[in-house]
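The values are calculated or read from the model by the stated rules, or taken from the named source; none is laboratory data. A quick note: this is a predicted structure, and the numbers were derived from the prediction, not measured. We place every Cβ from the backbone using ideal geometry, glycine too, and count neighbours over all the protein chains shown.
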Amino acid sequence: MEKQRGSFTNKLGFVLAAAGSAVGLGNLWRFPYLAAKYGGGIFLLVYLVLAVTFGFALMVTEIALGRKTRLSAVGAYESLNKKFKFLGYLSSLVPFIITPYYCVIGGWVVKYFTVFVSNNVSNAATDDFFTGFITQPAAPVIFFIIYVLLTVGVVMLGVEGGIEKASRIMMPILVVMTVFIAVFGLFQPGAIDGLIYYLKPDFSRFSATTVLAAMGQLFYSMSLAMGIMITYGSYMKKEANLEQSVRQIELFDTGIAFMAGLMIIPAVFAFSGGSEEALGKGPSLMFVTLPKVFDNMKMGTFVGAVFFLLVLFAALTSSISLTETIVSIVRDKLGWSRKKACLVVLVFLLAVGIPVSLGFGIWSFIAPLGMSLLDFFDFISNSVLMPIVAFLTCIFIGYIVKPKAIIDEVEVNGTFKNKKFYTVIIKYIAPVCLVAILIFAVMEAMGVIVV
Ligand code: TRP
């Protein structure tokens, strides 16, 4: 078994591949809008605390599970305990929910890229441009379809390698540009208030919803609680230092999310006044704010076009790997050829994604739990399914497999420095907190308690 499975050639190769999957729209688009909405500094603080505790423990667990069993999610759970096969299926469900709406956002990125290329920046910087776009019946659907075809095309042709190579060059450029745009934004009048809002925790804004939102974001951004890291771990070499690799992936992912927040939140204060309404924009925040920044910049059209192209690549690497995951689940289960599986997945993505796209316009009457369809799918995966998967994983490792199995796997190479800390989190802290947060958040959502 060991010999047949390919491995990443070197240690950095693994970290880069895992980080490449981790960095995407989650960091650039999702993190800033949640931070803006949930109180800025307090969200950032909660997120950081969760990242070094829950995030660390869960990522170590998933990668170790994969490396130990050399299998992906369903097989990995099953091989350790037959009764827990369902957990593999449950986690595999997440990519099916996330990918369609991920591609809807991908379509928005394509649209903004074309807007900047065709030199319409001042148009895009007006308040109503974004809403005008997403509420149209045809345009957002067309851009979504373009994006889906790009993604599935790459998966069908099996040419991810090329995209990955390209994005290895583009990622560092994206990081540099993010820093540059953030610094530019911070020099705009009014931005400092935004900086304070982003960095200074306001404890009166603390609530179960904040914690749940931060935790969902953590899972989403680090591709946890959906079986992905198990698969990555299954390709990791025994010689690589697992604990250190997890630290590096976390640092990289969190660093980019932090910079994205720094690029967007102060700019909201500078260009839209930092009102509750401006900060609570949700999924549209990046698309409303950044054009205003570029509009105020010399050569902003060019900078904006390059920026959205880089974001497009970061998004593509993620949606490709998400689609690849779905395709391989379908193939494993049904034994289909790659082509057939790709075509069926394409139909699935279109069937779910088109309503999501229309949900902002002509189909906005479909509003489960009072949310737009995109927010609804996002909520079901990040705030419901992923916490449940994470909870069951903690119970499974903490009490059935026992943490020792994971610790031994980490210690195949060197010592696991934080093993006591790890054990306490997996057995006690994480499961208790997860249940408490889920209950509180559901009660908040139903209006039982008011914050
Ligand atoms: N973490 C990715 C992001 O931040 C999104 C994502 C979730 C993902 N699950 C994934 C990417 C699985 C690749 C594979 O955008």
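So the check is Cβ under 7 Å with 6+ separation or different chains; which pairs have a first residue in segment 20-39 that's outside any helix (DSSP H, G or I) and a second one that's at pLDDT below 95 and among the small types (Gly, Ala, Ser)?
VAL23/ALA314; GLY24/ALA314; GLY24/ALA315; GLY24/SER318; TYR38/ALA213
Can you tell me which residue among VAL356, VAL327, VAL311 is at pLDDT 95 or above and touching a helix residue (DSSP H, G or I) at 6+ places or on another chain (Cβ under 6 Å)? First the steps, then the outcome.
Numbers: VAL327 fails: at pLDDT 95 or above; VAL311 fails: at pLDDT 95 or above.
Within the list VAL356, VAL327, VAL311, the selection yields VAL356.
Count, please, the residues in segment 174-192 that happen to be more than 15 Å from PHE258 (Cα to Cα) and surrounded by 15 or more Cβ atoms within 10 Å (Cβ to Cβ).
Selection size over segment 174-192: 4.
Which of the residues that make up segment 354-368 are of a type in the set (Phe, Trp, Tyr) and more than 18 Å from TRP108 (Cα to Cα)?
PHE365 - this is the single residue of segment 354-368 that is of a type in the set (Phe, Trp, Tyr) and more than 18 Å from TRP108 (Cα to Cα).
Of the numbered conditions (1) surrounded by fewer than 18 Cβ atoms within 10 Å (Cβ to Cβ); (2) under 22 Å from GLN244 (Cα atoms); (3) in contact (Cβ under 8 Å) with a residue 40 or more places away in the chain; (4) not polar (S, T, N, Q), ASP408 fails exactly one; give the number of that condition.
It is condition (3) that ASP408 fails.
Does at least one position in segment 285-296 carry a residue that is modelled with pLDDT of 95 or more and within 14 Å of the ligand (Cβ to nearest atom)?
Among the residues of segment 285-296, at least one is modelled with pLDDT of 95 or more and within 14 Å of the ligand (Cβ to nearest atom), which makes the answer yes.
Table: residues versus (1) within 16 Å of the ligand (Cβ to nearest atom); (2) farther than 23 Å from LEU174 by Cβ; (3) modelled with pLDDT of 95 or more; (4) in contact with a helix residue (DSSP H, G or I) (Cβ under 6 Å, 6 or more places away or on another chain).
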| position | (1), (2), (3), (4) |
| --- | --- |
| GLY20 | yes, no, no, yes |
| ARG30 | yes, no, yes, no |
| ALA36 | no, no, yes, yes |
| GLY41 | no, yes, yes, yes |
| VAL46 | no, yes, yes, yes |
| VAL49 | no, yes, yes, no |
| PHE54 | yes, yes, no, yes |
| ALA57 | no, yes, yes, yes |
| ALA64 | no, yes, yes, yes |
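Taking the condition of being part of a loop (DSSP other than H, G, I, E, B) and either in contact (Cβ under 8 Å) with a residue 40 or more places away in the chain or surrounded by 16 or more Cβ atoms within 10 Å (Cβ to Cβ) (or both), how many residues in segment 290-331 meet it? Talk me through it step by step, then tell me what you get.
Taking segment 290-331 first, the residues part of a loop (DSSP other than H, G, I, E, B) are 296-299.
With either in contact (Cβ under 8 Å) with a residue 40 or more places away in the chain or surrounded by 16 or more Cβ atoms within 10 Å (Cβ to Cβ) (or both) added as a condition, the list becomes 296-297.
Residues flagged as part of a loop (DSSP other than H, G, I, E, B) and either in contact (Cβ under 8 Å) with a residue 40 or more places away in the chain or surrounded by 16 or more Cβ atoms within 10 Å (Cβ to Cβ) (or both) within segment 290-331 amount to 2.
Pull up segment 92-125, narrow it to residues that are within 16 Å of the ligand (Cβ to nearest atom), at pLDDT 95 or above and hydroxyl-bearing (Ser, Thr, Tyr), then point me to the one that is nearest to VAL401 (Cα to Cα).
That would be THR99.
So if I check each of LEU374, LEU369, which one is touching a Phe, Trp or Tyr at 6+ places or on another chain (Cβ under 7 Å), on the phi > 0 side of the Ramachandran plot and touching a residue at least 40 places away in the same chain (Cβ under 8 Å)?
Only one candidate qualifies: LEU369.
Give LEU186, LEU199, LEU212 a once-over and let me know the one that is more than 16 Å from the ligand (Cβ to nearest atom), closer than 22 Å to MET59 by Cβ and out of contact with any His (no Cβ under 7 Å at 6 or more places or on another chain).
LEU212 is the lone residue from the list that is more than 16 Å from the ligand (Cβ to nearest atom), closer than 22 Å to MET59 by Cβ and out of contact with any His (no Cβ under 7 Å at 6 or more places or on another chain).
Can you give me the number of residues within segment 332-349 that are surrounded by fewer than 19 Cβ atoms within 10 Å (Cβ to Cβ), at pLDDT 90 or above and part of a helix (DSSP H, G or I)? Write out each step before concluding.
Of the residues in segment 332-349, the ones surrounded by fewer than 19 Cβ atoms within 10 Å (Cβ to Cβ) are 332-340, 343-344, 347-348.
Still in the running and at pLDDT 90 or above: 334-340, 343-344, 347-348.
From what is left, the residues that are part of a helix (DSSP H, G or I) are 334, 338-340, 343-344, 347-348.
Count: 8.
Report every pair of residues separated by at least 6 positions or lying on different chains whose Cβ atoms are under 7 Å apart, first residue within segment 413-441 and without any contact (Cβ under 8 Å) to a residue 40 or more places away in the chain, second assigned to a helix (DSSP H, G or I).
If the second residue must be assigned to a helix (DSSP H, G or I), the pairs left are LYS419/ILE407; THR423/PRO403; LYS427/GLY398; LYS427/PRO403.
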